[in-house]
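Undergrad: One structure coming up, written as structure tokens, with questions to follow.
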Amino acid sequence: MLGKADKYEAKAANAKPLLGRIAFQGQATMIYTAPGAGKTLLTIALITQGVLNGAFDPSAVYYINADDNNAGLATKLRLFQDLGVNMLAPGCEGFRVSHLIDLLRECIENGSASGLLIILDTMKKFANLMNKNEMRDFNQLLREATTAGATIVALGHTAKNPHPNGTLRYQGTTDVLEDFDAVYLAAYPQRARHQAGKT
């Protein structure tokens, strides 16, 4: 890397917020919430806002939907198609979860990772959150992708059992906390949860 400081300084200086002020360009961001708390809706809203505001090229966005049924896939596909955003889903058009690693490596090696915004919904479908070795290897690949200019946003669930004081716990080992640039643990207010259960 000797002699390439200008190149890497330029990359760092160009970092800008992409999804609201939650995810920044060239970083890996994780968002944990309880199931059904709205992390997917929030992410889609921020993608839509970013496309409409010209924050990024919609054709450079890849939403990898590995956590939906047929109705959900169809709804999101129509929305993303109208926006010009790419969506991949396991079992659709020949795509499998295992293909993601090969695709990321290919983008890193050929230089096409720069400018990509990749959403992983949900993280547990791509790596075993409870396995430190698997998470270490997968997170290292994501780090290589962000170093090559990609932006990664992963979504995950909080654990079913909260801490004794009632606060939410993230699922899995500490590897995501240690390896990602930003990690959010979003609470779902009891009142909102109760009302959501009624509707």
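Undergrad: So which residue, out of LEU41, LEU77, LEU129, gets the largest mean-square fluctuation from a GNM of the chain using Cα contacts under 10 Å as springs?
TA: With Cα springs under 10 Å in the chain, the top fluctuation among LEU41, LEU77, LEU129 is at LEU41.
Undergrad: Add +1 for every Lys or Arg and -1 for every Asp or Glu among the other residues with Cβ under 11 Å from the Cβ of ALA150, and state the total.
TA: Charge balance in the 11 Å sphere: 0.
Undergrad: Kindly provide the trypsin sites (Lys or Arg not before Pro) of region 12-84 that DSSP labels as loop, not H, G, I, E or B, and whose Cβ sees at most 11 other Cβ atoms within 10 Å.
TA: Listed in order of number, the matching sites are ARG21.
Undergrad: Related question: Using only the Cα atoms of region 134-177, build the gyration tensor, take square roots of its eigenvalues as a ≥ b ≥ c, and label the shape rounded, prolate or oblate: rounded if a/c is under 1.5, else prolate if a/b is larger than b/c, else oblate.
TA: Judged from the Cα gyration tensor, region 134-177 comes out prolate (a/c at least 1.5, a/b above b/c).
Undergrad: Right, something else. On the first, second and third principal axes, largest extent first, how far apart are the outermost C-alpha atoms of the chain in Å?
TA: Ordered largest first, the chain gives principal extents of 59, 40, 32 Å.
Undergrad: Per DSSP H run of at least 4 residues, take -39500 (n - 2.57); add these up for the chain, divide by its residues and hand me the 222 nm value, nearest 500 deg cm²/dmol.
TA: Result for the chain: -12500 deg cm²/dmol, rounded to the nearest 500.
Undergrad: Could I ask something else about it? Over the chain, what is the percentage of antiparallel beta bridges among all DSSP beta bridges, to the nearest 5?
TA: Close to 10 percent.
Undergrad: What FRET efficiency comes out for the pair VAL97/ARG143, r = Cβ-Cβ distance, R0 = 22 Å, nearest 0.05?
TA: Details: r = 20 Å, r/R0 = 0.89.
In this case the efficiency is close to 0.65.
Undergrad: Continuing with the same structure: Counting Lys and Arg as +1 and Asp and Glu as -1, each charge on the Cβ, what is the dipole of the chain about the Cα centre in debye, to the nearest 20?
TA: Value, rounded to 20: 780 debye.
Undergrad: With +1 on each Lys and Arg Cβ and -1 on each Asp and Glu Cβ, and nothing else charged, work out how big the dipole of region 24-134 is about its Cα centre, in Debye to the nearest 20.
TA: For this selection, approximately 300 debye.
Undergrad: Hey, another quick one. What does the accessible area per residue of region 1-138 come to in Å², with a 1.4 Å probe and no ligands, DNA or RNA counted?
TA: Averaged over the residues of region 1-138, the accessible area is 56 Å².
Undergrad: Once label points are set 7 Å from the Cα along Cα→Cβ at both ASN133 and SER114, what is their separation, rounded to one decimal in nm?
TA: 3.7
Undergrad: Hey, another quick one. Select from ALA28, ALA12, ALA37 the residue whose mean-square fluctuation is largest in a Gaussian network model of the chain (Cα-Cα springs shorter than 10 Å).
TA: Residue with maximal mean-square fluctuation among ALA28, ALA12, ALA37: ALA12.
Undergrad: What distance in nm separates the simple spin-label points at ASN165 and ALA12, each placed 7 Å from Cα in the Cβ direction?
TA: Each label point lies 7 Å from its Cα, and together they span 3.5 nm.
Undergrad: While we're here: For VAL85, VAL183, what's the largest-to-smallest order of accessible area, 1.4 Å probe?
TA: VAL183, VAL85
Undergrad: For region 77-144, just say rounded, prolate or oblate: build the C-alpha gyration tensor, square-root its eigenvalues into a ≥ b ≥ c, call rounded for a/c under 1.5, and beyond that prolate if a/b exceeds b/c, oblate if not.
TA: Numbers: a/c = 2.00, a/b = 1.36, b/c = 1.47.
Taking the square roots of the gyration eigenvalues as a ≥ b ≥ c, region 77-144 is oblate.
Undergrad: Once whole DSSP H runs in the chain are found, which of them have Cα atoms spread over 18 Å or more along the helix axis and a mean Kyte-Doolittle score of at least -0.5? The partial results should precede the final answer.
TA: Numbers: long enough: 39-53 (21 Å, 1.12); 70-83 (20 Å, 0.11); 132-147 (22 Å, -1.33).
Within the chain the helices that satisfy the rule are 39-53, 70-83.
Undergrad: Please go through the residue pairs LYS124/LYS160; LYS16/LYS132; LYS125/LYS160; LYS39/LYS125; LYS7/LYS124; LYS39/LYS160 and name each one whose alpha carbons sit more than 26 Å apart in this structure.
TA: Values: LYS124/LYS160 15 Å; LYS16/LYS132 31 Å; LYS125/LYS160 17 Å; LYS39/LYS125 16 Å; LYS7/LYS124 34 Å; LYS39/LYS160 16 Å.
Violating the 26 Å Cα-Cα cut-off are LYS16/LYS132; LYS7/LYS124.
Undergrad: Continuing with the same structure: In region 80-157, what percent of the accessible surface is made up of carbon and sulfur (1.4 Å probe, ligands and nucleic acids excluded)?
TA: 47
The values are calculated or read from the model by the stated rules, or taken from the named source; none is laboratory data. The shown structure was predicted, so the numbers you read here are calculated from the model rather than taken from an experiment. Cβ coordinates were reconstructed from backbone atoms using ideal geometry, including for glycine residues, and neighbour counts include every protein chain displayed. Protein only, heavy atoms only, side chains kept; ligands, DNA and RNA dropped before computing areas. Shrake-Rupley method; radii C 1.70, N 1.55, O 1.52, S 1.80 Å.
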